[in-house]
Every structure is written in structure tokens, then in C-alpha cells.
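The values are calculated or read from the model by the stated rules, or taken from the named source; none is laboratory data. Please read these numbers as outputs of a predicted model, since none were measured by experiment. Here Cβ is always computed from backbone atoms with ideal geometry, including for glycine, and neighbour counts include all displayed protein chains.
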């Protein structure tokens, strides 16, 4: 299984390697997304020797707009504002024009993508290779009930392949059989690529504490380790949150309303039992519970808390830029 923080150039190399191996094993695609086509059309429904210049250009633009985030700066994510810029009515129409989907269905699919499937659309775009496109599967995925709200998807790794939603609120019995004809390499890359579109929005839905999956990237940039002068905080990270990944309510509370912000300065504290932080601060709701010289609303503005890799963190800002770090 591929490492969570794998870089794009590594993915590209892996994609080519797996594709080559798959081609040796299965020289032709298993089946078209549209199984009712005649035999001649089924010979190579997703292949075009002339290539897919529009799809490849859009895939390149997606890659160019991803950022490296996380504590080790090795987690790639596409900021939500770039998602809106890349998945537009015009770009979706142009992309569908290079698929085998009938033109009379394009308008309906464009509407669905813009309303419910921008992430799914761009994941399929990223699966485009020189002479093979996978965007034609989007109609099958849509008809199977898959949309952005179902992401991330898990796959059991046994044939016939199927997908299932990893979202906590999703019905545990809901499975998506539209993946049953997919090749191994496309499933692997889908599983990896999806995480780049799933960086959390801190403060969304008035939620303070976020439970993140290990593969989920963090929209935290330029992180560096610092030591707090006030002992209870110990070692912390300082960096920035991408402004497209913090709720408008949080931005307003922080006094950050400049739409041109490149990043919002924050500090991140890893919560450890030895910190004795819990008597003074509730990480479930971001509220202060008792008086403390440092852990107080006089000095700190809590933004969010998250748990990942069984470790808990609190994101905050120093009030009035009062920084107690060395």
C-alpha cells in the first residue's frame, strides 16, 4: 500500500509502473462505462490514440495548484478556493467533450458536478493518462449514488470490486458497485488522490474538535517548532492556516477579513497528559474552564482542535500578537 504523504512525481511514476504492468496482464480495458454499446465500440472505449489534451491540461492545473501542508510539509492538498476555480461550468463542459458520454447528457452532468461532484470530477480528471481517460465513469458513479458527500471511499481489495463510504454518518450497508470493472491501478490511484481534496475546514458547522483520518491532509503551511516561554505549553508549532480552510465565523472572530490573505498565522499545541491542560481548557468545545496565567482568553484565541494518528492538537492564536515563544 502506498505511503500517505506520497508526492505527485512519485504517484506519477507509480501510475506509469502499475499501468505498464496492468497492460501486460490485461492488454485491453475490461469493459466500457456504457456496457450497452456494440462490439466495435467496446474494443477501446476509453482510449484515444490522439490523446486528451484538455483533460491532461486540467489535470496539470490541479497538480500545479496543490500545496504541501501538515506537520512535515509532505501532505498535498488542493485548497477549497482552487477547487472552485478549477471545476467551473466551462471546464467541466470542455472535459466532458473528450469523453465517450453522449453530448445530450453533458448539461445534466455539468449541473450535477457543480452542485455535488466537483471533487469526484477532478479525481477522475487526475486519472487521465496519455491515451486513456476515466472521466467517462462519472455518469456511472453518479447513477450509483456517489457524490462528494460520500468521500472518502474505501475499497475491500477483493473482486468484484466495490466502494463504500468512510463518512461516519453514511449507512454502513451502502456499497457502490460501479467500481466492479475498474482496473487495479485506477482503484489504487483513486484511493490516494481523493485525500488531496479532503483537507478540513476548521470551525465548519460550528464544530471545534475535528476527528481526522490518518490520510487526511492538514491545511497548515510553513510550520516550524518553537518552545513556549510559559512552561505549560511546552513545545509548539507555529505556521499558517490556508484562509480557504477556516470558517468565516472563525475569521471574523480573529479579525481576519482580508480576502487577499495568503495564510493566517497560528500556533499548534500537541496535547499530552503531562501538560495538565484539561483542568484549564476543554478541547471538545474550545472553552476555558479555570483561571491560569497563560491558558486564558486574555492571551489565547482558540480556533480548533483535531485528532490524527491518535494524537490531539489545539490550534490557537496569541491575542494582540502577544507571543510567548522563544
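Please specify each residue of segment 134-143 satisfying the condition of being over 21 Å from the mean Cα position of the chain (by Cα) and surrounded by 18 or more Cβ atoms within 10 Å (Cβ to Cβ).
So in segment 134-143, the residues over 21 Å from the mean Cα position of the chain (by Cα) come out as 136, 139-140, 143.
Listed by number, the residues that qualify are 136, 139, 140.
Residues in segment 55-99 that are at pLDDT below 95 and over 14 Å from the mean Cα position of the chain (by Cα): 71, 72, 73. Screening residue 165 with (1) more than 30 Å from residue 315 (Cα to Cα); (2) free of Cβ contacts under 8 Å to residues at least 24 places away in the same chain gives one miss only, at (1). Residues considered: 114, 124. Of these, the only one that is surrounded by 21 or more Cβ atoms within 10 Å (Cβ to Cβ), assigned to a helix (DSSP H, G or I), in the same structural domain as residue 81 (by TED's automatic domain parsing) and out of contact with any strand residue (DSSP E or B) (no Cβ under 9 Å at 6 or more places or on another chain) is 124. Residues that are surrounded by 16 or more Cβ atoms within 10 Å (Cβ to Cβ) and within 14 Å of residue 114 (Cα to Cα) are absent from segment 61-69.
Would you point out the residue of segment 161-177, among those that are modelled with pLDDT of 80 or more and either out of contact with any strand residue (DSSP E or B) (no Cβ under 8 Å at 6 or more places or on another chain) or not assigned by TED's automatic domain parsing to the domain that holds residue 139 (or both), that is surrounded by the most Cβ atoms within 10 Å (Cβ to Cβ)? Step by step, filter segment 161-177, then rank; the result is 161.
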